[in-house]
1. How large is the dipole of region 344-513 about the Cα centre if only Lys and Arg carry +1 and Asp and Glu carry -1, each at its Cβ, rounded to the nearest 20 debye?
2. Quick one: check the C-alpha center-to-center distance for region 470-514 versus region 47-90, whole angstrom.
3. Once the other residues with Cβ under 14 Å from the Cβ of H244 are scored (Lys, Arg +1; Asp, Glu -1), what is the net sum?
4. Based only on other Cβ atoms within 10 Å, what is the fewest-to-most ordering of T378, T257?
5. Could you size up the charge dipole of the chain around its Cα centre, putting +1 on the beta carbon of Lys and Arg and -1 on that of Asp and Glu, and report it in debye to the nearest 20?
6. Before anything else, pin down the relative contact order of region 344-513: Cα pairs under 8 Å, at least 6 apart, normalised by residue count, whole percent.
7. Taking the Cβ-Cβ separation of Q180 and H2 as r and a Förster radius of 51 Å, what is the calculated FRET efficiency to the nearest 0.05?
8. For every other residue with a beta carbon closer than 15 angstrom to the beta carbon of L198, add +1 if it is Lys or Arg and -1 if Asp or Glu, then tell me the sum.
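Please treat every number below as a calculation from the coordinates, not as lab data. This one's a predicted model, so the numbers in the text were calculated from it and none came from an experiment. As a convention, Cβ positions derive from the backbone with ideal geometry for all residues, glycine included, and neighbour counts pool all protein chains shown.
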Amino acid sequence: YHTLRLILGDQLNAHHSWYKSKDDGVLYLIAELKQETDYVVHHVQKVCAFFAAMQGFAHALRQAGHQVLHLTLDDSQVYQDLPDLLTQLCQQHSISQLQFQRPDEYRLRQQLLNLQIDKVDIGEWDCEHFLVPFCELGDYFAPNKHVLMEGFYRKLRKRFNLLMEDDGKPLGGKWNYDAQNRNKFKPADLANIPAPLLFDNPIEEILARLKRHQINTIGEVAEHLPWPINRKQSLALLDYFCQHCLPNFGQFQDAMTAHSPHQWSLYHSRLSFALNAKILHPMQVIQAAISAFEQRPEHISLAQVEGFVRQILGWREYVRGVYWANMPHYSELNSLDAQRALPAFYWHGNTKMNCMGHAIKQSLETSYAHHIQRLMITGNFALLTGIHPDAMDEWYLGIYIDAIEWVEMPNTRGMSQFADGGIIATKPYAASGNYINKMSDYCKGCHYQVKQRDGEYACPFNSLYWQFMIKHRERLANNPRIGMVYRNWDKQTPEQQQSILAQAQDYLANIEDL
Ligand code: FAD
Ligand code: SF4
């Protein structure tokens, strides 16, 4: 072989230009690596999904006539890490060119950019996945600068001519239909929630490998993996979403319930793994949704499809831009000086707070939670109680099937924990029990009383919300979107204020017992 081409586990893009021609002198390398299973403790389904998808991709490439070296943990255990593996393979096969696709994770990219191998030319290629080319990110983002997602999203709508009228105006006259979305489930809605499309990928061998190599994981796993691990399954999931979930996607995007067998999946696409492993291209997903809307306008309203397109064209591309503009210092930001350790119930879900119990147990069972569970339940609780953002990053990066640092970190450290001081969010996503009660039916079955702010059964989110707002008053009071909150607080009697804050202190002192 003259060339070695590295394919990372999240680079399973079959349409990459690498594969357009065949060359027996090119060896493709796909390797399970301990350095990747161990940098945080991952959910067992996440490791299995990546390993199974990598194995399938290696097989498909081989079928297409390419030369492929697929290494399992058994094969790769003799190498210290990725640079060691690449160096040894280059020497062993007298390789003159080593090529890799630009990793989306800063850590891995540094590792590869720092690599030097005697007599080997090392070259970086684009991953050909994102809609905004890497070299153009600087046109939209700058270090430490807040860029409004909505403005970025509108630019991309125009740039790619998606959901646009001919005169350059947004389809339907508005850019954003959130006002029509974001409903709570009524009891009558619950019976209509579609069952999720699940797959039954065998993972016995992978599980045995994880055991053999003592890979530490969290979460639960059945004999079969329900996540899509190849193009066929990913396209089937996309199709299923467009048929059954898209018609109600926006409407119930923020809703949560404990009273449906499909409470974990609802109307969400669960395409994030297929997208982040690059099995699906974002434009393909967007186009599929738009064409479903065009074909069945009587079933799928503009508000539903626009809400979905915004998540992928807007949020997904946006967090990537924020990540690259601000790394590596982004990973150290802690603007609210949050120092508390992560409570143990994040690892088992046994808490009297019904909302937290549901979100955490579901995450451990499925390696999945939808956006509002991540942002307004587990993220909100950590924000209010001041959990260290490193601990939060570690938890989110480990537990979710779709967690890769470029997308996990801006969402966690930025959007959810406000540790970036407002690079992403204009204000912290802090909420009391009232919001959770508005968007879910969790509170009815809870040990705590959502209306109470102090006393034995007071919902912890209430007093913790107020102590958070008071603690950070100086920083937040000038924000026009928050001023009203402080005016409400100031209307309370000093006794009421004292009692709420004392309740919060009591909860914080006994956080493990909540
Ligand atoms: P849907 O609700 O069906 O949305 C469709 C797609 O839009 C998703 O698949 C995803 O690709 C994209 N999307 C939606 N919201 C976002 C967002 N805020 N940022 C980027 N893409 C978005 N998403 C990840 O992919 N990986 C993560 O590690 C991750 N960590 C998160 C951590 C926190 C604290 C929060 C608040 C959000 C995080 N998200 C992450 C964003 C979002 O919650 C998930 O993308 C979404 O829940 C995935 O489920 P889905 O595919 O069913 O999404
Ligand atoms: Fe969560 Fe409070 Fe509602 Fe219980 S009462 S489910 S703790 S918001």
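1. It comes to approximately 740 debye.
2. Each part's Cα centre sits 53 Å from the other's.
3. So the environment of H244 carries a net charge of +1.
4. Starting with the residue having the fewest Cβ neighbours, the order is T257, T378.
5. 1360
6. So the answer I get is 19 percent.
7. Rounded to the nearest 0.05, the efficiency is 0.30.
8. Neighbourhood net charge equals -3.
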